[in-house]
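Below you'll find the structure, written out as C-alpha cells, and then a few comments.
The values are calculated or read from the model by the stated rules, or taken from the named source; none is laboratory data. This is a predicted model, so every value here is computed, not measured. Heads up, the Cβs are rebuilt from the backbone with ideal geometry, glycines too, and the neighbour counts pull from every protein chain shown. Ligands, DNA and RNA are stripped out before the accessible areas are found, and what is left, the full protein with its side chains, is counted by its heavy atoms. Shrake-Rupley method; radii C 1.70, N 1.55, O 1.52, S 1.80 Å.
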Amino acid sequence: MSQSLSKLSIHLVFHIKYNSPYIKKENKEQLLRYINGIIQNCQSIPIAINGTRNHIHILCVMSKNISLKDLVNKIKSNSSRWLRKQDTYYEGFHWQGGYGAFSVSSSLINKTKKYIDNQEAHHKKIDSKNEYLLLLNKHEMGYDQSYLFDE
C-alpha cells in the first residue's frame, strides 16, 4: 500500500496526584478547552473531554503521526504547566504518572461521548477509583492494584 491510513478512537482517563490541589469548577471549562487545543496541535481529533475535580476523560481520534504515550505526555505536561500558571492555588498541581487508554469501536463512539459528557452526574453515584476499576474490568485489562492509586 502506498498510503497509510488510520482511525484509532481512544478513551483516555487520568487522575490528579493525591497530594495535588483539586481542579476548581471555575477553571474546569478553560482547562478542558486548553486540552482540546493540545489534542488538535497533535493532529488528533477531540470528540469529548470532561471530568471532575480530580480526573479527566478524553475521547479522541489519534493521529497516525503520534504514539499514544507521546499524546498523553503532551496533554498532561502542557495542561499541568498551564494550570499552574493560572493561580497560585495550583502551584503543586500534577497529574499522576499513569493513565488508562481504552480503544473505542466506531459503533460505540456516541455512547462513550455521552458517558464522558455526563461525568458530573455519573460521579454522584460512583467515585473515580471504582469507576476506573470498572473500566479496567470491562475492557479485561490485567493490572496490579498496588500500582493503580499509589500517587
If you find the alpha carbon centre of segment 101-125 and of segment 37-52, how far apart are they in angstrom? 15
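Tell me, what is the per residue accessible area of segment 68-151 in Å², probe radius 1.4 Å? Intermediate results must be reported in sequence, preceding the final value.
On the way: 5370 Å² over 84 residues.
I get 64 Å² per residue for this part.
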To the nearest 500 deg cm²/dmol, what mean residue ellipticity at 222 nm is calculated for the chain from DSSP H runs of n ≥ 4 alone, each contributing -39,500 (n - 2.57), summed and divided by the residues? -12500 deg cm²/dmol
Options (1) 52, 32, 28; (2) 42, 30, 26; (3) 50, 43, 26 are given for Cα extents along the principal axes in Å, and the computed one is (1)
Whenever you get a sec, compute what percent of the accessible area on the chain sits on carbon and sulfur atoms (1.4 Å probe). 47
Electrostatic dipole magnitude of the chain [Cβ: Lys, Arg +1; Asp, Glu -1; Cα centre; debye, to 20]: 380
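What FRET efficiency comes out for the pair Ser105/Leu135, r = Cβ-Cβ distance, R0 = 22 Å, nearest 0.05?
The formula returns an efficiency of 0.90 here.
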How much net charge surrounds Val61 when only other residues with a Cβ under 14 Å from its Cβ are counted (Lys, Arg +1; Asp, Glu -1)? +3
Whole-number percent relative contact order across the chain, with pairs defined as alpha carbons under 8 Å at least 6 apart: 33
Looking only at lysines whose Cα falls under 24 Å of Lys129's and that sit 8 or more positions away or on another chain, we get Lys17, Lys24, Lys25, Lys28, Lys69, Lys74, Lys76, Lys111, Lys113, Lys114, Lys138
